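Following: one structure in structure tokens, then a few remarks.
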Amino acid sequence: MDLPLGYLRQGESSSSYNKLVCKLHKSLYGLKQASCQWYSKFSHVLITFGFLQSKSDYSLFKKGHGFSFVALLVYVDDITLAGPSSHAITELKHFLHTQFKLKDLGCLKHFLGLDIAQSKQGIVLSQLHYTLQLLEDTSYLACKPTSIPMDPKLCLNATDSDLLPDITHYRRLVGKLLYLTLSRPDITFSVHKLTQFVGQPRLPYLKAVHHLLRYLKNSSGQGLLFSSTSSLQMRAYSNVCAPVLLKAFSDADWGSCLDSRRSTTGFCIFIGDFLVSWKAKKHTTVSCSSVEAKYRVLSSTASELIWLQQLLQDFQVKVDSPALLYCDNQAAIHIASNPTFHERTKHIEIDCHFVRERVTSGVLKLLPIRSQYELANMFTKPLPSTHLFSLLSKMAVKDIYKPH
């Protein structure tokens, strides 16, 4: 019977077909429950095969110990495998092929818009193809490049100029730029700032987006370098089980929002010499002092550090304790270390106690740092080119596709 689903011939009732069903051979994109059912089936098969699901990241599965360790990361129907043993990975591939119809794409080169370039010097994680496609779609491939993502003198507020006649164009551009922040810490603050005006975009905001596109033209292949000569990598090659060091930098620009006077905070976290996490965010409430603003970012950075410690345990990586957290505000460090400052911290007591407990228990160690060496500066404000490039060099951000 060759009838479309839900179709009835004239004069026939639905009772004639009340026993007909459709057998679903594969899940279809667009169905609300398709991805959930696929993930449920896939995770069940992996757990049956001996994998354990990570409590820190539910899309991560792990199996084995030492040289036989295998990690599997899944996003819908895109899967990445990693491990020191090629035999263990081959065995896992064979098992998955017996359970599902899969296509082996070989050595990892592209994953969810990310480009992975591997050599003896290390691994570079970038979004070159995504950036070039974005520039082509916006007709900015032949534009005049600029050296910084945002003008440090630019002051954006919610009442500048007239509203844009086509707000969807601005929102579409900002949405595409937002995905670029996965591998581009240099544009994180600029994109974060531009996302604050998607509700009622105006002409100055669109000009700032165009300025950012010109910067991407100048650094389309920029990404994160994970060097093979780093102390962490050399320790892995020599099978030395020495713990790795987590260190973080946090900063806040107090009352920087011209419309609400809310503070902008940012942090960046390193595993050894590798930059692995960064963030820029505007506070949901107004901070009464610069110390409060600094303390709020200390609290969010501490939460991220604790999560990374748990995630590294899933990868069987020993973490040195305490993790180092650098802050350029001496008052915030003193408050975290000295409980006698209770009268000054009543309005920030929850964040204060959260950080103080981690310091007291030895999980965190707060260290002072001069403002000019604060790496998190680039996540709280637009910087001039000299300062920006200096910070990027310390984060191992490179453009291997750019001629030198």
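The values are calculated or read from the model by the stated rules, or taken from the named source; none is laboratory data. Source: prediction; values computed, not measured. All Cβ positions, glycine included, derive from the backbone under ideal geometry; neighbour counts span all protein chains shown. The protein model used for the area step is the full one, side chains on, heavy atoms only, and it has no ligands, DNA or RNA in it. Shrake-Rupley method; radii C 1.70, N 1.55, O 1.52, S 1.80 Å.
Of the residues making up segment 177-229, those that are of a type in the set (S, T, N, Q), open to solvent by 10 Å² or more (accessible area, probe 1.4 Å) and either touching a Lys or Arg at 6+ places or on another chain (Cβ under 8 Å) or touching a residue at least 40 places away in the same chain (Cβ under 8 Å) (or both) are Thr188, Gln196, Gln200, Asn218, Ser220, Gln222, Ser227, Ser228, Thr229. Taking the numbered list (1) in a helix (DSSP H, G or I); (2) of a type outside the set (D, E, K, R); (3) surrounded by 13 or more Cβ atoms within 10 Å (Cβ to Cβ); (4) at pLDDT below 85 in turn, Thr340 passes all entries but (3). Is it true that some residue in segment 323-332 is surrounded by fewer than 19 Cβ atoms within 10 Å (Cβ to Cβ) and modelled with pLDDT of 90 or more? Among the residues of segment 323-332, at least one is surrounded by fewer than 19 Cβ atoms within 10 Å (Cβ to Cβ) and modelled with pLDDT of 90 or more, which makes the answer yes.
One residue stands out in segment 268-302 among those that are among the basic types (Lys, Arg) and either within 16 Å of Gly255 (Cβ to Cβ) or part of a loop (DSSP other than H, G, I, E, B) (or both): the one that is most open to solvent (accessible area, probe 1.4 Å), namely Lys281. All of Val359, Val355 fail the test of being in a helix (DSSP H, G or I), of a type in the set (Val, Ile, Thr), in contact with a Pro (Cβ under 9 Å, 6 or more places away or on another chain) and at pLDDT below 90, apart from Val359. It is to be established whether one or more residues within segment 343-351 are outside any loop (DSSP other than H, G, I, E, B), in contact with a helix residue (DSSP H, G or I) (Cβ under 9 Å, 6 or more places away or on another chain), closer than 23 Å to Ser277 by Cβ and modelled with pLDDT of 85 or more. Checked against the condition, which is being outside any loop (DSSP other than H, G, I, E, B), in contact with a helix residue (DSSP H, G or I) (Cβ under 9 Å, 6 or more places away or on another chain), closer than 23 Å to Ser277 by Cβ and modelled with pLDDT of 85 or more, segment 343-351 yields no hits at all.
Quick check: anything in segment 168-190 of a type in the set (A, V, I, L, M, F, W, C) and farther than 25 Å from Lys279 by Cβ? Break it down stepwise before answering.
Our first condition is that a residue be of a type in the set (A, V, I, L, M, F, W, C); within segment 168-190, this holds for 173-174, 177-178, 180, 182, 187, 189.
Right, trim to farther than 25 Å from Lys279 by Cβ and you get none.
So far as segment 168-190 goes, no, none of its residues is of a type in the set (A, V, I, L, M, F, W, C) and farther than 25 Å from Lys279 by Cβ.
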